[in-house]
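Working notes, structure below.
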Amino acid sequence: MSNTSQKLSVLEKIGYGLGDFAANLIFQTLLTFLAFFYTDVYKIPAGTASIIIFIGGFIGAFFNIMMGVIADRTQTRWGKFRPWILWTALPFGIGAVLSFLTPNFGENGKIIYTLLTYFFLVIIYSANNLPYVALSGVLTGDMKERNSLSSYRFVAVMVAQFIIQSLLLPLVLILGHGDKAIGFKNTMILFAVTGVICLLITFFTTKERIIPAENQKSSVKQDFADLAKNGPWLVMLLVTILVFITLSLKGGMYVFYFKYYLDPAAQTIFLKDIGFTAFVHELNNALITMGLVDFQWPGDVPTSAFSLFNAGGILFMIFGILFSKSLADAFGKRNIYITFIFLSAISLLLFNFYGRTAIAMVFLTQLAHGFIYGVTIPLLWAMIADVADYSEWKNNRRATATVFSAMLVGLKIGISIGGALGAAFLSKYGYVAEEVNQVPAAVEGIKLSVSIYPGFIFIISAVLLCFYVIDKKMEIGIERDLKERRGN
């Protein structure tokens, strides 16, 4: 192995982070709006949308395993993982646009089109994102630098998340002149072009430094046998599945929560009281003065409240991320993750106890949840990189992409289950797309889907992490031993 104690430059950390910014322009859109797009924009029945999302996620999960095997055995002058970021950048952008078009087909034609485009997107996403996340494990072997890299990366993720969850719906209405179908198409074209550029920057600004020894030989069977004996990997796989079930479920249901659960009149009063309505009025006047009449902030109250809700949560997540490295360095990744994922669960459970007019409490709880959950965000992927080191430490073989591919399988399974659950709950509880007055069961189901269900899943995640053995003391020992081995 090469010596990996060197530090990473700020430029390389930013360049690496832009890759996740690009991925999350698309990933966060899928996480937050795919069920809404399928049911309310493309008019696919909720039950059918649930099946499409579920199957597509598992196809992506299976392809992640294949990509792990392929990427670990890729040999180019650019390394193992960087070339895949280059090769898949343009197809990824094309797939994102195709998945949010609304061709005028019949009901069966719509289903076939969404199946093909969504499956294509998740396959290309796997071919791009698996090498990207594995790249973090070979840029440096210094665990503190790895924590720092994760913090840069996830600030970029939060910026992308801010854009999607706070500004996407207004952008859709603005760029589509009120037509959501046209708006989604134009917005995704904008995101796709931006994403391709960012992925190219990632390719040109990063360098792979941890290189397996030339005499390392291992079969695919051996790689997976190593995983099967890796207890921390199994724990992180289960935790990853549960975390992304939660994120996908609640993330996809918030738009329905604001549109159908929270009282519109109470939302209007809240936005006026905090000065947001006056701000939007001044903003629109300024845009008119500049001749940008087509770029007026939409007057739809739930859209504004939903966007502001997400914006506040994301800003506080960024604050949480800034504390993540120092807390992890002081107390260890595992201990901090357990503590803060449990506190995140408590904050989610609180949403169940708020009435339809308790808008201020909903927003305050979101800010608290944002900060608490933000602390955990960089730690998940830093811990997975540590699992790759643990495997090398135990087995004297490194299979970075295989370890990360297994975790991305968990991510895809979690997203597919969470997204499918959201659409399935809508169908089960009697939701009717665009119906102003939903039946009480549908409204209650929407509330449960952003509170009780995700809260309990996070609690299970915290319990599972108690069985993750890589504590701070072991982190230090593994890092020391691997540096000595690689130096020899």
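Each Lys and Arg contributes +1 and each Asp and Glu -1, all at the Cβ; summed about the Cα centre of the chain, the dipole is approximately 1220 debye.
Gain on full extension, evaluated as 0.36 nm per residue between ILE94 and ILE346 minus their Cα-Cα distance, stands at 86.7 nm. Annotation: extensible slack from ARG356 through ILE197 equals 53.0 nm (criterion: 0.36 nm per residue apart, minus Cα-Cα distance). Against the longest principal axis of the chain, how steep is helix 359-395, in degrees 0 to 90 to the nearest 10, with axes from Cα atoms? Around 20 degrees separate the two axes. Between the beta carbons of THR74 and VAL469, assuming R0 = 35 Å, the FRET efficiency works out to 0.65 to the nearest 0.05. Segment GLU434..ASP273, full-extension length gain: 55.1 nm, with 0.36 nm per residue of separation and the alpha-carbon distance subtracted.
Measuring nothing but how far apart in sequence close Cα pairs (under 8 Å, 6+ apart) lie, relative to its length, the chain scores a relative contact order of 29 percent. Derived scalar couplings between HN and Hα for region 274-281 equal 8, x, 5, 4, 5, 4, 5, 4 Hz in order, rounded to whole Hz, by the Karplus curve 6.51 cos²θ - 1.76 cosθ + 1.60 (θ = phi - 60°), x for Gly and Pro.
Farthest towards the positive end of the charge dipole of region 241-308, among the residues TYR261, LEU287, SER304, is the Cα of TYR261, using unit charges on the Cβ of Lys, Arg, Asp and Glu. In order along region 318-334, phi translates into HN-Hα couplings of 4, 4, x, 4, 5, 8, 4, 4, 5, 5, 5, 4, 7, 10, x, 4, 4 Hz, rounded to whole numbers, per the Karplus curve 6.51 cos²θ - 1.76 cosθ + 1.60 with θ = phi - 60° and x for Gly and Pro. Between PHE319 and LEU11, the C-beta separation translates, for a Förster distance of 35 Å, into a calculated FRET efficiency of about 0.90. The longest part of the chain holding none of the exposed loop GluC sites (Glu not before Pro), meaning those outside H, G, I, E and B in DSSP with at most 13 other Cβ atoms within 10 Å, is 215-433. Axis angle, to the nearest 10 degrees, between helix 107-139 and the longest C-alpha principal axis of the chain: 40 degrees.
Rule-based calculations on the coordinates, nothing more; no lab input. All figures in this text were calculated on a predicted structure; none of them were measured in a lab. All Cβ positions, even for glycine, are placed from backbone atoms using ideal geometry, and neighbour counts span all protein chains on display.
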